[in-house]
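Notes follow the structure.
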Amino acid sequence: MKRLLTTSLLLTATLACLTGCTAPATSPAEASPEPVTREEIRTDKAPAAIGPYSQAQRVGNRLYLSGQVGFDPATGELVEGVEAQTRQVLANLHAVLQEAGFAKTDVVQAQVFLADLEDYGTMNGIYAEFFGDHRPARAAFQVARLPRDAEVEIIFVAEKL
């Protein structure tokens, strides 16, 4: 009998809500949120995009950085070797971060693409040196081929809290 009464009360409350309940009032700020802005980020301290894409896009407080390979922005040439390329890639990404007003510690996710997974240890040591104690989420993959036959490419996502 108690179960029937409880079920009946719940059903009555649900029907009342369906026919007359309103959503809780929202504050004026919640009623009209600020529109999210998007901005293309460009710097000459990193290689220019070599295709129909940008170095980065800022969307609100998040920054999406395009993949970088080890091009020296001063010469436009790919540096030699996985160690030099990894250092150059991270320098290029850092330049884009700085142009957008972000820091290494704002990076929340990275994707690493290697032409040869045997180079993982070399890349990983340089990557660890770059970030220090900061540890973004990360994935690393071996891929069949990278643009301009680079040995490493890295992508970042950063967010300002």
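Please treat every number below as a calculation from the coordinates, not as lab data. None of the values given here were measured: they were computed from a predicted structure. Cβ: placed from backbone, ideal geometry, glycine included. Neighbour counts: every protein chain shown.
When only DSSP loop residues count, what GluC sites (Glu not before Pro) in the stretch 58-161 have their Cβ near at most 15 other Cβ atoms within 10 Å?
Details: sites: GLU77, GLU80, GLU83, GLU99, GLU118, GLU129, GLU151, GLU153, GLU159; in loops: GLU77, GLU80, GLU151.
Filter output for the stretch 58-161: GLU77, GLU80.
Give me the distance in nm between label points sitting 7 Å out from Cα along the Cα-to-Cβ direction at THR105 and ALA140, one decimal.
According to this spin-label approximation, the distance is 2.5 nm.
Would you mind classifying the stretch 38-159 by shape? Square roots of the alpha carbon gyration tensor eigenvalues, ordered a ≥ b ≥ c; an a/c under 1.5 is rounded, otherwise it is prolate if a/b is larger than b/c and oblate if not. Each step should come with its number before you reach the end.
Values: a/c = 1.66, a/b = 1.22, b/c = 1.37.
Judged from the Cα gyration tensor, the stretch 38-159 comes out oblate (a/c at least 1.5, b/c at or above a/b).
Efficiency by 1/(1 + (r/R0)^6): what FRET value for LEU117 and GLU80, r their Cβ-Cβ distance, R0 = 25 Å, to the nearest 0.05? Provide the component values of the computation, followed by the final result.
On the way: r = 20 Å, r/R0 = 0.79.
Approximately 0.80, to the nearest 0.05.
Just to be sure I understand the model, the point goes 7 Å from the Cα along the line to the Cβ. What's the resulting SER54 to GLU129 distance in nm?
It works out to 3.3 nm between the two label points.
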